[in-house]
Amino acid sequence: MFALSISNCEGYKKLRLLCNEHRNALDLFTLVAYSFNHQIRFNNAHEFNNPFGKERSSYKWKKISSLLSNVYKAGNTDFTNLNFENFDFAQLTINDFVYCDPPYLITIGTYNDGKRGFSGWGKTQEIYHFYPFLMN
């Protein structure tokens, strides 16, 4: 339907329009695979707007299917898209694996400005979340 490839920008743009209209997680996952540098970026309307990764990015089906297969074989798998501030880390055990990508100050992230669905990130949040002992 979209004929996605490392050179089909029009197919990418069509999928991006569909994804922004229907908000399907699998569509977003596929878009990221073909997006510039595999980045996830949204505009102020919370629409995915990362450009196409022409001749750079592609969906590595073998790599992705292997990863997903191993995750599902392990069983008892949960995926969540919670803000890391809302995740209950106390529920974890020594056998759990969690991947979180919270904001951080060492780069210029689009989330730092408080737009695009994020609450903003600055020195106060950095200290509070990562160096709470400095808050006293």
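The values are calculated or read from the model by the stated rules, or taken from the named source; none is laboratory data. Only a predicted model underlies this, so the values are computations on that prediction, with no experimental measurement involved. Side chains are part of the model used for accessible areas, which takes the heavy atoms of the whole protein and leaves out ligands, DNA and RNA. Shrake-Rupley method; radii C 1.70, N 1.55, O 1.52, S 1.80 Å.
Which of the residues that make up the stretch 37-52 are of a type in the set (A, V, I, L, M, F, W, C) and at pLDDT below 90? Scanning the stretch 37-52 gives Ile40, Phe42, Ala45. Residues in the stretch 74-92 that are of a type in the set (A, V, I, L, M) and farther than 20 Å from Trp121 by Cα were compared, and the one that is least open to solvent (accessible area, probe 1.4 Å) is Leu92.
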